[in-house]
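First comes the structure, then the notes that go with it.
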Amino acid sequence: MKSIKAFLYFFILFGIFGLTSIYVRENFKKPFSSLDTMDIFRAIMAGFVELICLFLVYDTFSRFKEISKVKKNVLIVVAIFASIFYFLFIVGIYLQ
C-alpha cells in the first residue's frame, strides 16, 4: 500500500511539473522585450510551481523510509514515464 501511495505522489508531482513546463513552453515564445508585467509574473509563478514540485519529490522520496531506495527509484522512473504518457495524452486531446 505504501508503494502505491508513493507512486501516486510521484505521478501527480511529475505530472504537475510537466504540465507547467508545457504551459511555459507554449505561452512564452515571445522575446523578453515584448513581455508585459503579467507575463513576467506568470513565468515567475510557473518557476515557483516547478521548484515546489521538485522539493516535494525530494520530500516524498525521504518520507517513505520503509520502502527501499531501489524500489523508490524504480517507482520514480515508472511514475515519470507514466505521467509523461498520461498527461501528454490529455494535453493532446485538449489541444485538438
Of L51, L19, L75, which is the most mobile in a GNM of the chain whose springs link Cα atoms less than 10 angstrom apart?
L51
Please list, by residue number, every one of the trypsin sites (Lys or Arg not before Pro) in region 1-57 that is coil in DSSP and has at most 11 other beta-carbon atoms within 10 Å.
K29
Estimated FRET transfer efficiency when R0 is 22 angstrom, pair M1-V77 (beta carbons, to 0.05)
0.60
Counting pairs of alpha carbon atoms under 8 Å apart in space and at least six apart in sequence, what relative contact order in percent does the chain give?
56 percent
Can you give the helix-only mean residue ellipticity at 222 nm for the chain, where every DSSP H stretch with n ≥ 4 adds -39500 (n - 2.57) and the sum goes over all residues, rounded to the nearest 500 deg cm²/dmol?
-29500 deg cm²/dmol
Mind checking region 50-92 for trypsin sites (Lys or Arg not before Pro) that DSSP puts in a loop (not H, G, I, E or B) and that have at most 12 other Cβ atoms within 10 Å?
K65
Given the options T37, G18, F7, identify the residue whose Cα lies farthest towards the positive end of the charge dipole of the chain (+1 on Cβ of Lys, Arg; -1 on Cβ of Asp, Glu).
F7
Proximal lysines relative to K5, as straight alpha-carbon distance under 20 Å, when same-chain residues fewer than 8 apart are discounted
K65, K69, K71, K72
Taking the Cα centre of each part, how many Å lie between region 73-96 and region 24-55?
22 Å
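No value in this document is a laboratory result; all are computed from the given coordinates. Everything quoted here is computed from the prediction, not taken from an experiment. Cβ sites come from the backbone with ideal geometry, for glycine too, and all protein chains shown count toward neighbours.
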